Every structure is written in structure tokens, then in C-alpha cells.
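S.K.: Below you'll find the structure I mean.
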Number of protein chains: 4
Amino acid sequence: MTNTRIESAWDRHWRPVRTFCLIAAAVVATIAFGDQPGNDETPIGPKWWPSEWGADDQRGAANRMTADKVLEANKLIREGKVYQLGRVYEEGMPLPGGRHFVLTIPGSPTHPAQGKNGIVAFDELLTAEIGQVGTQLDGLAHVGVRMKDDDYFYNGFKRSEFATAKGHTKLGIENVGVFYTRGILLDVARIRKVDRLPGGYVITANDLQACLDDAGLKIRPGDVVLIRTGHGQLWMKDNKAFVENEPGIGMQAAQFLSRQKVTVIGSDNWAIEVVPPEDKDRPFPVHQWNLVRHGIYLLEIMDLEELAKDKVYEFAFIFSPLRLKGATGSPGNPIAVK
Amino acid sequence: MTNTRIESAWDRHWRPVRTFCLIAAAVVATIAFGDQPGNDETPIGPKWWPSEWGADDQRGAANRMTADKVLEANKLIREGKVYQLGRVYEEGMPLPGGRHFVLTIPGSPTHPAQGKNGIVAFDELLTAEIGQVGTQLDGLAHVGVRMKDDDYFYNGFKRSEFATAKGHTKLGIENVGVFYTRGILLDVARIRKVDRLPGGYVITANDLQACLDDAGLKIRPGDVVLIRTGHGQLWMKDNKAFVENEPGIGMQAAQFLSRQKVTVIGSDNWAIEVVPPEDKDRPFPVHQWNLVRHGIYLLEIMDLEELAKDKVYEFAFIFSPLRLKGATGSPGNPIAVK
Amino acid sequence: MTNTRIESAWDRHWRPVRTFCLIAAAVVATIAFGDQPGNDETPIGPKWWPSEWGADDQRGAANRMTADKVLEANKLIREGKVYQLGRVYEEGMPLPGGRHFVLTIPGSPTHPAQGKNGIVAFDELLTAEIGQVGTQLDGLAHVGVRMKDDDYFYNGFKRSEFATAKGHTKLGIENVGVFYTRGILLDVARIRKVDRLPGGYVITANDLQACLDDAGLKIRPGDVVLIRTGHGQLWMKDNKAFVENEPGIGMQAAQFLSRQKVTVIGSDNWAIEVVPPEDKDRPFPVHQWNLVRHGIYLLEIMDLEELAKDKVYEFAFIFSPLRLKGATGSPGNPIAVK
Amino acid sequence: MTNTRIESAWDRHWRPVRTFCLIAAAVVATIAFGDQPGNDETPIGPKWWPSEWGADDQRGAANRMTADKVLEANKLIREGKVYQLGRVYEEGMPLPGGRHFVLTIPGSPTHPAQGKNGIVAFDELLTAEIGQVGTQLDGLAHVGVRMKDDDYFYNGFKRSEFATAKGHTKLGIENVGVFYTRGILLDVARIRKVDRLPGGYVITANDLQACLDDAGLKIRPGDVVLIRTGHGQLWMKDNKAFVENEPGIGMQAAQFLSRQKVTVIGSDNWAIEVVPPEDKDRPFPVHQWNLVRHGIYLLEIMDLEELAKDKVYEFAFIFSPLRLKGATGSPGNPIAVK
């Protein structure tokens, strides 16, 4: 989907030329920086990759959301039971990344009493990195790659071209749309017979496959895959332990998922991927792999406990991010329905 | 649902006593302040009303959300087409009520380049009355009634008992849960054969009934009713006109809807109800009627244009508010699915 | 000084009556609550005291600022050397009281390049309890006393009468004016022959008198008295130790200073007074003693190291608080000039 | 003054080399971009200029603040009368540049009642572009010049080298120190016999000289010069007119002042300089001239009415900016004392 606000007739006329130039640039960049697009085994390094959805694409794997996926998901709803997968946002919650959450309500009504009906009203005031605190969807404007001349994001969009003080003019979370699709829960903690995987545990493709086999399920393109590590049990119980490290997927598991064309990877930890990283010189490689290379979204800090307790491994997954113009992510309360 | 954080064994033990006392207090208050609970025709005035869901209830009409409503809604999904009903949040949007929306992204990455993979990351910083700007769900902690000794909210919860600087300890939006139910669109502008109802137009029960008759539909308990006035077409086109007044329901239409036990009333204007009000000495009476008396939620500043254009009058309505602890409302991007 | 914004001709006409009523109310309150105004030895408790500057006064000890004090201070300037007594405000500084300091600069210019001169401009965005973080002057709207019916502040102004969501309509820091007066440094750490008084050390009137005697100085009405404990050396060195307790004046030393009619008490700690308090059931009594009873301002988290090293015990003290309407305090960079 | 936090022994060792390189770079840049340093008549364009205080300097004209200037200013204090030159900060004030000012006080005490003394306390929460709203000192990190490869600021410091999400690591307002110096008021409105110069009026060197002649004064190096246009009378009276344009100095008057080596130029308008600009293709050239080329500070939105009414044209000027680390400016309440 193109950003309609800034697209003119001129833009449309020259799009084929621009597309050609972008591809040519990608080729040149590939040669110059040693990138091998399409080679999933390439180690993460300073590079970017062209999108499979065309040179103008800003939505990435959200393009896999179709009416058919809605109907496929819908058939999974048999009981009408709804699970809230979002955490409560509150002051005192863990804030990995040095972020903030300041919510204040004036105790004297924000709008003082008026009229014979004596109406009063309160508003809350929030200051927060709203798309990057608590339960959060990382969008495609969140993470990029520093190259020689600029920072590159999904589909080769460059920081110098889209970053403004009021929000990014490309890849903003308002482009994403709605996730209404089949959801899969992979309870790795259970399959590995622990309450909680230890911090630093690298979840492998084998771990994920074992969960699938156990549940008799296969991942299909466009699915949302939620991975339970048990780490979420530390939330608001031992916040220090929650943020200092985490179990999570490694690069191999990330490739296992991207090859199967998922749309969103969610987890009950704060970064989806294992911390500290497998290669200490390459922090957060799974973020780059998913967000920059594949346009796959990450949904962090989920509450998967009730779903896991009920052993609900296949369900309708529904999440409609806030349409925050130019934002890097969105808070939310995603749901699973069975 | 009780607020589990502050409920102790002691509370549970004394709850029946407390419930009795609250009811007694309600009776006394009723006598003292001349309230006639249960009489829907009573003019709005400084009073409060006990909840039909018990003295501890903090969820109001959200109690009407059941598995049956999910299944009923689900049957309305035949094509898998999803409509986004939330507006884009952006600086420059109309902010009725003197509110703020300040979103900033540091253009130098919030998290500077690190590692051989050269990862960079951006966060946005938002300051806003987050539950009361743009598309917004008014919760039960938003509006109250000034009485002699205190401000009273839904179910008689009093400001002096729940208002803290960090959020309300009662009626916060985190108590609401998820709306997954049957949705009805009443396109009053269309039925009255105008593009846009003029500011100050009082929508009546007759207007609503005419829409229902035209579509061959009946409202059922637990439904969400969305009312299209056409006023939303002014959004980001003529912001001054958008905020200075609006067409909306009057008290009679509000009673028509509450009698039919709806859960949420939504609209494409900014206050659901007509502005200026029918009785100039009683501003925003429909807010009190719904939020304080009936626990019915209001969903303001919706984008109903595409739904109306496609003449989708019955659909699955899904909205999962942010679980902002102690907040008065929630932003969101509700969806209709057909 | 009255709040000119809300004073009408009607107000002026009735002011004598109002003054009489306020005094009568004070007498009644005094009888009802057992207060003994004028008795400096009264233990701090839930009470308030009428101001010595009249029933309308909102400035307290700032009334002691006169042209004569300016000239008196001015004579102390002989070398023209200026000492900055304010700390640097920065993220990561200690924030006693659970406060926040979030400063962000968009790295892409807030105001993008324009014109042939290629002008760019940056703004910073700050969210903070601006009057109550870092070096800060506590104003008269900061601290009050909970009584049966309301919270009472300096001069009997009541919360229910002045607290609004946009700031206090009485006692706001914009009423204070400028402090340009004689300053006295009492280096208690030095006189007690330690680098730093330990947390919990109660500074007594004897400690203060010993400093005065050593320097051959006397306190005069309207002076600003700065008390060095050495605690400030922990700032940004051991922030945990800085906030967990502190040496500071006790009630006896507070009375010693208020009897001598000082205008401001400053210190290098974060609350002026000893923490934990002398009476564990009465937290922060010196705040009430000074702010509520005497209208004496408190200037916290000062940098007194260089002044102490140079043994400058008498100087011109100049501080001009931000005129933040309705705020409880002001940040600042007060100076001493010798 | 160097930024001590990031200066190492290594830095000190190599500073002469670095200085040489910077000067060499400046020469190259001068040749490449056609700049003629030292030629005051050069039209403003995309260029930068080396500082007269050395390649490491971050303070600019604040280097002119000396003990001698303090003593010179001090002799001007004869009556002890203090004038507050700062405006009140309040919601609803004009905010040129699309900025924000959101101040909220929770009406329920931020710190609830505790202890037998029933202490309560309030904090305010502010969100604002704190250094760029209301009365404000523009620092050297505020305005720069877009050149081919980067944005250049005072003394050639480059955006890519100092801009971080948490504030600028060079030229932050915390480097400025205190202004205690001789102040001069030039009442151009009075000398031109109008209440208020019209928006767009270009103040010339002749206008300024006429004021000086009338008062029998000469500007000396290190002085602060305040220019009264009368535009400040619109503040909070006609905010729309206040921001839409303004009378102010043109480039010729700016050169007249920089040649006389002033430290700060202040005014009762919002940009010091005339708006719209003399050359419509070069917006805010006086900002670049002063901040980027000469390191002269700008003090905007002052209240000069009382000073002008009393015809106080020579006085002690004192202003101590907030030490906000990495900020582009500072709010304040500067004072004049006679």
C-alpha cells in the first residue's frame, strides 16, 4: 500500500522508473556490500533486502492478510470463548530499553462541574513511548540497519528520506491494517517440561517442530505464531529478572518461521528472540531478520498463560493496531477466540 | 468484576454487609435527592443510580458480552471483509475538550547503531489524553455527577474513594474486557436523504426506527449500535466545523437504545449526542444517561464512511480496548467484519 | 498579592468582609482542632495557621524581599565572582518521590531545512514534574495538611477551592517574584569535621549556631540560609545512597531559622530535613512547618561544593523562579555572587 | 568550555592537532562553499564560520561574561528595584513554531495523606518544548545550516556528531553559564513615536542608534541589548496577531549589534528579527547570523513594558538559564535591577 497523502500523479507516472532504479540500487548495494538476497543462511550483517511485495511496499507480511484467512480463522471459533492476550499497562511495569510510562489523572475533574445536571469529567494524561511499552507490536519503522551512508529499513527505505520530528513518513504503523487470521500457540516450556525456560535459552526449530507435532498442526502462510517460554510469569512478580535476559528464538528458529511465511511472531518475553544473543557481536539479529528482511511483525510481552493452561493451540487471532501516524509500533490487547 | 488488587479476605467477608449498606445508602440518597430509579423518563439531574449488575460491578453493559454473542456475531461473517472503523491519530486532528496530541520521534535513532549487524532502533514519544483523543471509547470512570458531598460515578462509586494521581482505582478501562458482538449500522443521514446532518440536529427514536425498518433489522440485547450522521466527513477537512457543534442523539433516542440493552453506542461525531444540547442548562446529558446510569459505553469519532457506502448494516463488531490501568477511556481501531 | 485574573470589583468590595470571615474561620478552626497559633513549640499535627501577611497573602516569606535587601546584598559583591548553585538536569539523575524526567530531541531537525540559507532548527521535548525534579524551589502550593473536611495549605487556602486540572488557582509559583538578598552558607559537615554527614543525622540549632559563630555572622530577616551537609557529593556518584535517606535539619533547627525570619532555606540534600524523620509517625514535618505555617521556601538539591571549598559564607544570593502559572515549584540555577 | 564528560587524556593530547585540522577544514570549506569569514556584509547562505574563541568553544558570546562585567553591572544598582522580564507560562499562551505546553496537576494529592501530621503533596506534570516556549533563551544547539553533507551549527559542530535522542552532546544549554552584565534598553517604539511598531517593520541600525543617542548611552562589549518593539502588548490580548508576524531587527541592525560584541539580544517579540523576512527566500537569517556565526544568544518573548514605562535604559541584567543537559534553549525569568 502506498502512502496516499504524498503520492501525486507525477509519482504514479514515474513509479516504473523508480522501481527500476530501486532494483538497480539494490543490485549495486548487493554487490558493494556483499549481500546475497534470497539466501536465508546469510549471517545477519549490515545490509538490506528488497521486499517480495514490490519496491513501494510498506506493509510487509501484513499483505498476507486476506478475506480467505479471515474465513479460515473464523471456522476455528466454536465456543465463543475470548482470551485477552494483552498485559495491563501500569506504572511500575518493566520497561526494557530505558523507556517511560507516566499516566496521570487530575483528581479535580479535568472538566469541572457544569449545568443543572452537575456533569463532571476526567481525562488521563499519558507520556510514553506508546508503541514500545508493555504489550507491543513492532512495526517496520522500528528497527533498521546502519550502512555506510544512511540507516536502511524494510524494503530499503532510508532514514534520511522518511524520519521527521512528527513521525516517520514511510512504514508508519498506520499502514499495517488488521490481523484477523489463524493463530497457533507453541508452548515450548511445556514441551521441554519446565515451568519457565531459563534466560539465555535458545529456542530452536526442533523445539518449535516438537510443539507442532505434539498438537498435530502445521503452520500455513499468513498464520500468527505465538511462542510461550514461561518467561511472562515473571511480569510484575520479578521485574528485574524479567528484563535482564530472556529465553527466545535464535536465528535458526527465526528462519524456520520466515520460510513458512508467517505474518506475526508473538511471545511472552520482551524481544521474541533470545537475550543475550547467540553471537555476542550481533545484538537483536532476529529483529533485523524479521522486520527489515521479511517484513514479519513481532508482538512482544503477551500474556499466554490462560491460553496455555487451556491447551488452546489453534484459534482465531485478532489484533487491530492503533493507527498512530508515523509510529514505530502499537500497543494493544490482541485476542484469541476459540 | 472486583478490583482484585485491593480486595482482601476481609473485603470478601464483609461484602454482603457492604452491599447492603450501599443499597441502603442508595435508598437514602434517592429520598434525599429526589431520584426515582427505574423511571427512564426522569429528567437528567444531579443523581446516581445503582447498577443492575450488583453493588460491586465495575463493568456495566460489558457484562452483556457472552460466548453466545460471539457465536451470534460470528455467523454474520460470510465474506471475510474487514472494515477499519478507527481514525488515524495524527497531530493536527480535531481535539474537542481542549486536549493534546504530541507525538515525537527522535530522528537520530533512539537506540544508536551497535554490533557488527549495525542495528538501529527508533521509539516514538507520545503525550496525550490517550483515552480521550481521536477514536475513543468512553469508559465508566470518565463522566460523573456532582452531588452535595462528592462526585458520583457509575454504580455510586465516589471520586474521593477512587481518584488517585496515578489513575482511578475503580472503573478503570482495564475492567472492560473485549467487545465481540453483533453490530448494527443506522445510517440516519441516508434515511433523511442528506449527505450530512447539520450541527444541532437532534436524532430521535423515530430516526433510528426508520433505519431499522429500512434494513429489516431489530436491535437485540448486547448489540453495538453505530449511528452515522455524516458529520465525520468534516474530519481533517474542516476541523473547525467538526468541533463547534454536531448532530447526534437526544435524550429520547438515548432512552430508546438503553431500553433495548445495547452495550456500546458509536458514532462518527465526537460526543454521540447532539451539541448544543436540547436543554441548554444540561450539557452532555446522554453521557450521564449512558455512562453513569446504564453503564453503556460510548465510542466516539468513528469512521463509518466505507461501511455506509457498502450498505453493511449488520456485521460482527470487534473491539479490544487497551488495558490502561485506571484510565477513563481507550483509543482504538474497532473493526466490522462481514 | 491577590490573583488578579479572578479578582473582580465585587471581590474588592467584599474583601474586608472576607478577611473578617477568614479570621473568624481561623479562630473557629483553632478552637475546633486545638491549634495554638504563635506557639512555635507546638508539635506538628493536622492543622493550619493564618499568615502574618494577611488573609489574602499568597507569597509568604517572599514578602521579605525589599529594595533594602537588594542593596544590602549588593554591597557583598566585591570580586564579581559568580557561583552556579543549580545542578545539571539530565536523564539518570536521582528522582526522589517517584518522579520523571524525559527529555527527547528529534535528531531530524524539528523544523526542516528551508530557504536559500538552509536554516534548520531543533527543539527539545520535556516531560517532567518540572517544579519537583533536580534543583527545585518548593512553593506554597506543594505541601498541605489533611484535615477533616479538606486539605489546607499556606494561609488556610483549601484544595477544593484552588485545585484545577490545569494548575492551582492559588499559591502558584508565579506569585513568588525574585529572590535577591543576602545569602549565608552554613557548612555543617565542615564544622562537624566530616566530609559528609551520615544519612539520618539530625542537624540541630547548635550545629547551625556553631557555623555562624565560626564565620562571625548573624542571620538577619529576609536572608537566604544554605546548609551544606556534604550529602550532595553523592549526586550522580551513588544515586541509590542519595535518595534512600539524608542528613538534614530537625524540627528544632527549623524553629531556630523561622524565628529569625529567613526567606528561603536551601541545602545540598533533597528534602532540607532529616530522613528518616525524628518522629517516625510524622514524615516531612519541616516541610509543613516552613511551607504551611511560615511561608518559608525550600530550595532542594543545590550544588554547594565550590562555595564551601572557597569558604564563601556571606554573599549576594539571586534566584528568579520560572513563572509557571499554578505550579507547585520551580526548577532553577540560583547563584551566589561575591 | 569543553564537554568534560567525553574528553579524555587522549583528547587533550591531540587537541592542538585537532584544532589545526578543524581550521584546515574550515579553510577548505570556505574555499569550497565560497564563504568569506570576517566579511560582515556577506549575504546569509549555506555556510558556517569558525568561532573566535577557538575550535573547541561551545559557549560563544557567553565568553564575554567576566568578573569585570559583573562589577560594572553592579554599579548600576542604586535603588534596589527589580524588574521581572519573563512572561508567565500558561496554557493558552501563543506558541510560535507549532509547539506545546501541557501542564497538569493531579487534584488528588500526588503524594496522599500520611502520618499523624496528615501531610499531603502535589506535583505538576509538564510536557513542553521547554527551551522553546514562552520567554526563552535560544542556545547554540537550536539553529544550524544545512550544507551538502550535514547540518552545521556554531563553530562547525555537526549534527551527525552530536545529535542523540536524549539531547545534543555538544552546544547544550548547560554550557552557557550565567549572564550578569550591563543591560541596555532600546525603546524603538517610543523613539518612532508609536505604541507598537507594525508587523513586518524592519528595525534598522539608525533606529537603534537613535535610541542610544536619546539616552546618551554607548554599547560596550559583553552588554545585553533589549529591543522594545511594543509587539509584546499583544501577548494574551491578541495571540493570533502576536504570532502571525512581527516587527524586529533586520540584517543591518544585526550586524550593527554583532560588531559591538554584545552577548545577548532580547526583545518583546518572538523571534528578535522581522517577520516576514527582508528576503523572502531567506527565513530567519538573523538567527543564523547570531547563533551560528557569532555565538550571540537570543532572548525572545520578554516583558519590557514596565522597564520602558519607567524609562530605565541602563541597568544590571541578570539571567541564569536552567542547566538542561543537551537542550537547545532555556526558559527563564530574567531580571533588570536599577
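Any read-out appearing in this document is the output of simple, stated calculations on the displayed coordinates, not a laboratory observation. Just so you know, these numbers come straight off a predicted model, no measurement behind them. Please note: Cβ atoms are built from the backbone with ideal geometry, for glycine as well, and neighbour counts cover all protein chains shown.
S.K.: Using modelled amide H (1.01 Å from N, peptide plane; none on Pro or chain starts), what sits under 5 Å from the amide H of A:PHE315, excluding residues fewer than 5 places away?
M.R.: Residues meeting the amide H criterion: A:GLY183.
S.K.: Next question. So for chain B, considering every pair of alpha-carbon atoms, how many percent are separated by more than 32 Å?
M.R.: On the way: 18278 of 56953 pairs.
Result for the distance tail: 32 percent.
S.K.: Ok, one more. Report the net charge of residues surrounding B:GLY222, where surrounding means a beta-carbon distance below 10 angstrom and charges are Lys +1, Arg +1, Asp -1, Glu -1.
M.R.: Working: positive: B:ARG64, B:LYS69, B:ARG182, B:ARG220, B:LYS261; negative: B:ASP68, B:GLU72, B:ASP223.
Around B:GLY222, the surrounding residues sum to +2.
S.K.: Give the separation of the Cα centroids, the stretch A:267-338 to the stretch B:139-185, in Å.
M.R.: Distance between centres, Cα-based: 31 Å.
S.K.: Using θ = phi - 60° and the Karplus form 6.51 cos²θ - 1.76 cosθ + 1.60, what ³J(HN,Hα) does each residue of the stretch D:185-191 get, whole Hz, x for Gly and Pro?
M.R.: 9, 10, 8, 5, 4, 5, 5
S.K.: Here is a follow-up. Can you tell me how the stretch C:230-338 classifies by the Cα gyration tensor, rounded, prolate or oblate, using a/c under 1.5 as the rounded cut?
M.R.: rounded
S.K.: In addition: Output, in nm with one decimal and in ascending order, the distances from the A:MET236 label point to the matching label points of the other copies (7 Å from Cα along Cα-to-Cβ).
M.R.: For A:MET236, the inter-copy label distances come out at 3.5, 3.6, 4.3 nm.
S.K.: Ordered by residue, what ³J(HN,Hα) values in Hz, to whole numbers, does the stretch A:285-300 give under the Karplus form 6.51 cos²θ - 1.76 cosθ + 1.60, where θ = phi - 60° and Gly and Pro are x?
M.R.: Each residue's phi maps through the Karplus curve to give x, 5, 4, 5, 4, 7, 6, 7, 7, 10, x, 8, 7, 10, 10, 9 Hz.
S.K.: Also, quick follow-up: Counting other Cβ atoms within 10 Å, keep those with at most 10, restrict to DSSP loop, and tell me which trypsin sites (Lys or Arg not before Pro) in the stretch A:134-201 are left.
M.R.: On the way: sites: A:ARG146, A:LYS148, A:LYS158, A:ARG159, A:LYS166, A:LYS170, A:ARG182, A:ARG190, A:ARG192, A:LYS193, A:ARG196; in loops: A:LYS148, A:LYS166, A:LYS170, A:ARG192, A:LYS193, A:ARG196.
Loop-located and lightly packed - A:LYS148, A:LYS193.
S.K.: According to the Kirkwood expression over distinct Cα-Cα pairs, how big is the hydrodynamic radius of the stretch B:169-255, in Å?
M.R.: Answer for the stretch B:169-255: a Kirkwood hydrodynamic radius of 14.6 Å.
S.K.: Sticking with this one: With every atom except the alpha carbons ignored, what do you get for Rg and Dmax of the protein assembly as shown, in angstroms?
M.R.: 32.5, 95
S.K.: Karplus couplings for the stretch C:161-178 from phi (6.51 cos²θ - 1.76 cosθ + 1.60, θ = phi - 60°), rounded to Hz, Gly and Pro as x?
M.R.: Here the 3J(HN,Hα) series is 8, 10, 7, 10, 5, 9, x, 6, 8, 10, 6, x, 5, 5, 7, 6, x, 10 Hz.
S.K.: At most 14 other Cβ atoms within 10 Å and a DSSP loop assignment: could you name the GluC sites (Glu not before Pro) in the stretch D:240-338 that fit?
M.R.: Answer by residue number: D:GLU278.
S.K.: Let me ask something additional. Summing Lys, Arg as +1 and Asp, Glu as -1, what charge do residues with Cβ under 13 Å from the Cβ of B:ALA316 carry, B:ALA316 excluded?
M.R.: Once positives and negatives cancel, what remains is +2.
S.K.: Given the C-alpha centroids of the stretch C:201-234 and the stretch A:38-112, what is the distance between them in whole angstrom?
M.R.: After rounding, the separation between the Cα centres reads 57 Å.
S.K.: Given the -39500 (n - 2.57) contribution per DSSP H run of 4+ residues, what per-residue ellipticity at 222 nm results for chain A, rounded to the nearest 500 deg cm²/dmol?
M.R.: -6000 deg cm²/dmol
S.K.: Moving to a separate point now. Skipping prolines and chain starts, which residues have an amide H placed within reach, meaning under 5 Å, of the one on C:ILE119, given they are 5 or more residues away or on another chain?
M.R.: Close amide H contacts, sequence-distant or interchain: C:GLN114, D:ARG146.
S.K.: Once amide H atoms are built 1.01 Å from N in the peptide plane, which residues 5 or more positions from B:LEU324, or in another chain, come under 5 Å H to H?
M.R.: A:TYR89, B:GLU174
S.K.: Let me ask something additional. In debye, nearest 20, what is the charge dipole magnitude of the protein assembly as shown about its Cα centre with +1 on Lys and Arg Cβ and -1 on Asp and Glu Cβ, if you could check? Intermediate values should be presented prior to the final figure.
M.R.: Numbers: 160 positive and 168 negative charges, 1 e Å.
For this selection, approximately 0 debye.
S.K.: Just to be sure I understand the model, the point goes 7 Å from the Cα along the line to the Cβ. What's the resulting C:LYS240 to C:LYS261 distance in nm?
M.R.: 4.8 nm
S.K.: What distance in nm lies between label points placed 7 Å from Cα along the C-beta direction at A:ASP195 and C:GLU278?
M.R.: Inter-label distance under the simple model: 4.9 nm.
S.K.: Moving to a separate point now. I'd like the trypsin sites (Lys or Arg not before Pro) in the stretch C:246-283 restricted to DSSP loop residues with at most 10 other Cβ atoms within 10 Å, sorted by number.
M.R.: C:LYS280
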